[in-house]
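Below is one structure, written out as structure tokens; comments come after it.
None of the figures in this text is laboratory data; all of them are computed from the coordinates on show. All of these numbers come straight from a predicted model, not from anything done at the bench. Here the Cβ positions follow ideal geometry from the backbone for every residue, glycine too, while neighbour counts run over all protein chains shown.
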Ligand SMILES: *Cc1c(COP(=O)(O)O)cnc(C)c1O
């Protein structure tokens, strides 16, 4: 009984929070830097989402990160839930990663020749991941996916690939393609500069739709090299799929001689060391990793069975290379980070912490009848201004709900909480977000939700 009361008290249900909008934090220095940056870079940034186009104000220019905290050029401090878009599962400036990187750097930055560090990182991965036997390191998620697609095409001797509306796979030509109208469509390019001929090789269907998959494989019999999916789609909200559906994709590929490509650039090493493949117990034919694998430095990787990987040059005819691939400093960061992840209880603690955090926020919102759902898996979460707790497809997200996110984002910044600057982006919790940090963040979120839902 006492426990039940205590639980209720802690749940946020009974908290009386009456909140009004806070004045905006100072962004003078950031604004100045942004003006200057606009003279150098399109939109003032080196990656579009950073430009804060979907939220209020100028982007914050970051000066420093430590643990789960960020400091901007104006000296504002934030609890960070963006974590560099996922890589920083140990938080900013983790001493183990930093020290390993410094040690590696003392021997030079790059050789364009093999080093033992590449073996070390590869061994850490393959020894603890039953889904890949051989791999290749590259320098970004985009490069990993682009290379994996080429491998799938080379291996199957087929040209078409099937992707899903609502999954992001980096910015290579074949994948900057969105659905046209109709159940099964050739893609339409989603960026200027992508030749239509490329889009014609990419079939785009909705997630969570078996009929569309069946139809695609009938219509393009023996032409589809691979289905590519984010098994945990986390780049357009968090569109969690049912395990049965992922299994259906596995079976469909097997039946049709196509490869199943799991793009685990976000989910890899995040929802467990073996990523979504391990979480669902479904074996992909090719997997791509990025983000966490480099410990905050630029690393990507694709891997598969030894047999499939034997197609890659110089063993096989699928060409792929890179001047800075397997860079020793980046490898060192990856080794240090993955070593921490392999420590006993790492994911259990991290995931439990996330569950408590997200459930408390959901209870708060539910008790007030807010149209608000917290989606979560592992240490990833997404705030949806929606009634449904089963959003599985991109078209189930109401674009109008993003107005609410915009307000939330501003209120949170004003209360010292940093979320990625778009309502379609997920948040991440790191191992160094402490109970106290999460308590503070929760309070800020409660107050901000009050403002968002009660604003006149
Ligand atoms: C981030 C991401 C990519 C692209 O990785 P970059 O390192 O930004 O090129 C590809 N696929 C998924 C699933 C991602 O989350």
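Some points to look at:
- Each peptide in 276-285, 343-352 receives the mean, over its residues, of other Cβ atoms within 10 Å, and ordering these scores from highest gives 276-285, 343-352.
- Its Kirkwood hydrodynamic radius, worked out from the mean inverse distance over all distinct Cα pairs, puts the range 190-276 at 14.2 Å.
- Folded to 0 to 90 degrees: helix 243-256 orientation relative to the chain principal axis, Cα: 10 degrees
- Scattering curve values for the chain, log₁₀ I(q)/I(0), Debye with Cα scatterers, q = 0.11, 0.12 Å⁻¹: -0.92, -1.09
- Normalising by residue count, the range 96-341 has a Cα convex hull of 120 Å³ per residue.
- log10 of Debye I(q)/I(0), alpha-carbon scatterers only, for the range 51-180 at 0.13 Å⁻¹: -0.91
- Dividing the summed helix terms, -39500 (n - 2.57) for each DSSP H run of n ≥ 4, by the number of residues in the chain produces a 222 nm estimate of -11500 deg cm²/dmol to the nearest 500.
- Fraction of alpha-carbon pairs over 16 Å apart in the range 158-202 - percent: 25 percent
- Cα centroids of the range 53-96 and the range 183-203: 35 Å apart.
- The angle between the Cα long axis of helix 28-40 and the longest principal axis of the Cα atoms of the chain comes to about 30 degrees, rounded to the nearest 10.
- Folded to 0 to 90 degrees: helix 95-105 orientation relative to the chain principal axis, Cα: 40 degrees
- Estimated inter-spin distance, residue 356 and residue 128, nm [label 7 Å along Cα→Cβ]: 2.4 nm
- Global dimensions of the range 128-186 from alpha-carbon coordinates: Rg and Dmax equal 13.5, 42 Å.
- Relative contact order (%) - criterion: Cα under 8 Å, at least six apart; region: the chain: 23 percent
- Averaging the sequence gap over all C-alpha pairs within less than 8 Å and six or more residues apart, then dividing by the number of residues, gives the range 96-341 a relative contact order of 30 percent.
- As a rough guide to protection, the peptides 208-217, 325-334, 28-37, 192-201 ranked by mean Cβ packing within 10 Å, highest first, stand as 325-334, 208-217, 28-37, 192-201.
- Eigenvalues of the alpha-carbon gyration tensor of the range 41-126, scaled by 5 and square-rooted, set the equivalent ellipsoid semi-axes at 31, 17, 14 angstrom, largest first.
- Förster-model FRET efficiency, 22 Å R0, residue 98 and residue 324, C-beta, rounded to 0.05: 0.60
- Relative contact order (%) - the range 170-221, alpha-carbon pairs under 8 angstrom, separation at least six: 33 percent
- Alpha-carbon Rg/Rh ratio, for the range 252-398, with Rh computed the Kirkwood way: 1.05
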